[in-house]
Amino acid sequence: MSTYGERPAEPGEVCTCGRPAVKVFTGGRHGDTGYCGLPDGGQKGPCAFCDGPRHESQRCPSYQLRPTGGTR
Ligand SMILES: [Zn+2]
Ligand SMILES: [Zn+2]
């Protein structure tokens, strides 16, 4: 029963490319996913989350919407 949608990102939330997210897609198969607004998939270079090579067309297994943790 997932409903796809989107909402504005909150501070601390990041895109799958490692940039700060401007919005978050919700209800996806992998859960909420940040999006920075740039469709280029991020800069070339190591993955921002696992330090490994960039992942073509799939998110990093180490991706977290809030990489700094959910402490409030
Ligand atoms: Zn991005
Ligand atoms: Zn990665």
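Where a number appears in this text, it was derived from the coordinates with a stated rule and is not lab data. In this text, all values refer to a predicted model and were calculated from it rather than measured experimentally. Cβ sites come from the backbone with ideal geometry, for glycine too, and all protein chains shown count toward neighbours.
Listing for the model above:
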read-out: Where labels lie 7 Å past Cα in the beta-carbon direction, separation of Thr3 and Arg29 in nm; value: 2.2
read-out: Ala21 long-range amide H proximity, modeled H, under 5 Å; value: Glu13, Val14, Cys15
read-out: Cα centre as origin, Lys/Arg/Asp/Glu Cβ charges: segment 1-65 dipole, Debye; value: 100
read-out: Fewest-first sequence of Lys23, Lys44 by Cβ atoms within 10 Å of each Cβ; value: Lys44, Lys23
